[in-house]
Amino acid sequence: MKTKPRMAPQRGFNFDYLMWLFTRLSALAMYLIAIIGITAALLMSARQNMTVADLMRWAFMPNPNHVVNTNVTNIDAWKTIFWQLMGILMLFFAGGHGLHGLASVLEDYISHTWIRNSLRILILLVWVAMSLIGIAVIVTS
Amino acid sequence: MGLKRNVSLIEGLRYQGKGPMLTYVLHRIGGLGIVIFVALHILASWLSNHAWGSSAGIFINTIYENWIFQIFIFFCAFFHVINGLRIVILDLWPKLIEYQREAIWLEWFIFIPVYGIALFVIIRGGLGG
């Protein structure tokens, strides 16, 4: 199967460059949020009341639903505006990073410009929808 | 100007990129696995939080709580996270690209024990021990 040749992305300061940078910086941001989550959890009695698996779930997404099944009895400290904000930040970075990643993987295997452009729009819509659903889950849990 | 790409799928598969190519392929598979898992997980939480008489949330839960799916998703997550840190460091400090092969070895030395422990815990749990 021979695919048609196409132009590679241009160098310079453009959308693709910005997303390249966003992918790297959001990875660092997610590391930072996870480290903050783990450190705070260990200070908030995780050493006695949580397994490593529970701690990992909390690190990936600081949501009180990840605490209710552990031995932590009082989840007030795990259910604050601060953790909701951290959760929303994690969702923002992970969503942008993941769906842009999905777009760049798919675009590597698609040579028709119009399919690639419609995929970008579709993925943008999926990102908006999933972000709204995720924020709804975070603020109501 | 721009480069012209003209590589068929078969030619692409035949490319012998060795270690770095393997991390590139696994990084892509891992990233896609995480996207699938996170999307399912957000949808499941949303459907179960808003109990519109729907058991779809619980059904989606049974997919990703299955221990065989967990073996796959933990591989995706740990590999993507550890390999991703290598990519970020080498891309943001390009002088280090000279040490890419060493960085990949280091990465496997970190990944294998971490994933090994996770595998042990998952399989022990999956076998009901």
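The values are calculated or read from the model by the stated rules, or taken from the named source; none is laboratory data. These numbers come from a predicted model, not from an experiment. Cβ atoms come from the backbone with ideal geometry, glycine included; neighbour counts cover every protein chain shown.
Residue count for region A:112-136 satisfying the condition of being surrounded by 15 or more Cβ atoms within 10 Å (Cβ to Cβ), more than 14 Å from the chain's Cα centre (by Cα) and either part of a loop (DSSP other than H, G, I, E, B) or within 9 Å of chain B (Cβ to nearest Cβ) (or both): 1. Scanning region A:108-141 for residues that are more than 30 Å from residue A:66 (Cα to Cα) and aromatic (Phe, Trp, Tyr) turns up A:109, A:114.
Residues of region B:42-91 that are within 9 Å of another protein chain (Cβ to nearest Cβ), under 21 Å from residue A:87 (Cβ atoms) and not in a loop (DSSP other than H, G, I, E, B): B:42, B:43, B:45, B:46, B:49, B:77, B:81, B:84. Which one is modelled with the lowest pLDDT among residues in region A:101-111 that are facing chain B (nearest Cβ under 10 Å) and part of a helix (DSSP H, G or I)? This residue is A:108.
Residue by residue, here is whether (1) surrounded by fewer than 19 Cβ atoms within 10 Å (Cβ to Cβ); (2) of a type outside the set (A, V, I, L, M); (3) at pLDDT below 85 holds:
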| position | (1), (2), (3) |
| --- | --- |
| B:18 | yes, yes, yes |
| B:22 | yes, no, no |
| B:39 | no, no, no |
| B:48 | yes, yes, yes |
| B:53 | yes, yes, yes |
| B:63 | yes, no, yes |
| B:66 | yes, yes, yes |
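Say whether the condition of being surrounded by 15 or more Cβ atoms within 10 Å (Cβ to Cβ) and within 18 Å of residue A:18 (Cβ to Cβ) is met by at least one residue in region A:65-83. Taking every residue of region A:65-83 in turn, none turns out to be surrounded by 15 or more Cβ atoms within 10 Å (Cβ to Cβ) and within 18 Å of residue A:18 (Cβ to Cβ). Within region A:49-82, the set of residues being touching a residue at least 40 places away in the same chain (Cβ under 8 Å) and assigned to a helix (DSSP H, G or I) comprises A:64, A:65.
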